[in-house]
Amino acid sequence: MAGEKIGAVMVVGGGIGGIQAALDLANSGYKVYLVEESPAIGGRMAALDKTFPTNDCAMCTLSPKLVECGRHPNIELLTYSDLLDIQGEPGNFTATVLRRARSVDESKCTGCGICIEKCPWKAPNKFEQGLKERKAIYVPYAQAIPNIPVIDRETCTYFKNGKCKACQKFCGQDAIDFTMTDMEIKLNVGSVILTPGYEAFDAK
């Protein structure tokens, strides 16, 4: 309907800027959709040791905000998701968001980590700049929100040749779902905040 105002906000980017924007809006009473392309919020700050200009511990600053964002009743986290399209006008936008398949049921997973422990397959860990390895099923970092693993389909041998399923075998919550597919959802929002962050400079 022309002229209709939608009382929700979409924040695109789950780094510290997007997290703070989402919290400020949610605490003001707005419904917030926080869209982040990686499996967890936190962005670049989660990988830092200290932050400028105070030299404070990055995770000491970030962790409480991660927890608050994950628990806030007005914030809906859409991690492992991409903004595909947005149409409309200020006050009434329709956004199309692609929710990529985690292959883990978020409603069942308890974050126990047994699936990660039992997975025999490894890949370079991007969060650690490739200096360490992670499993084919993984959580990006130790204090990640949401604390729900995602299966890297390019590394997982099941998605390569239909074998293994070790993570599913040992999951006591029946949360592993290899049949999960990508899903497009439509969101009606009144405003959009873009906090895309940055790419690290390639010193080479």
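Some notes on this structure:
- In this entry, Ser103 passes the filter for residues that are under 29 Å from Cys156 (Cβ atoms), of a type in the set (Ser, Thr, Tyr) and crowded, with 16+ Cβ neighbours inside 10 Å.
- Asp49, sole failed condition from (1) at pLDDT 95 or above; (2) closer than 20 Å to Gly197 by Cβ: (1)
- Residues being closer than 21 Å to Arg71 by Cβ, open to solvent by 10 Å² or more (accessible area, probe 1.4 Å) and part of a loop (DSSP other than H, G, I, E, B) - total across segment 14-38: 6
- Scanning segment 135-158 for residues that are farther than 17 Å from Val104 by Cα and in contact with a Pro (Cβ under 9 Å, 6 or more places away or on another chain) yields no hits at all.
- Among the residues of segment 131-149, those that are more than 12 Å from Gly42 (Cβ to Cβ) and not hydrophobic (A, V, I, L, M, F, W, C) comprise Lys132, Glu133, Arg134, Lys135, Tyr138, Pro149.
- In segment 110-203, counting only helices (runs of 4 or more DSSP H) that sit wholly within it, none holds 2 or more residues that are open to solvent by 90 Å² or more (accessible area, probe 1.4 Å) and in contact (Cβ under 8 Å) with a residue 60 or more places away in the chain.
The values are calculated or read from the model by the stated rules, or taken from the named source; none is laboratory data. Everything quoted here is computed from the prediction, not taken from an experiment. Please note: Cβ atoms are built from the backbone with ideal geometry, for glycine as well, and neighbour counts cover all protein chains shown. Just so you know, the surface numbers come from the protein's heavy atoms only, side chains and all, with ligands and any DNA or RNA stripped out. Shrake-Rupley method; radii C 1.70, N 1.55, O 1.52, S 1.80 Å.
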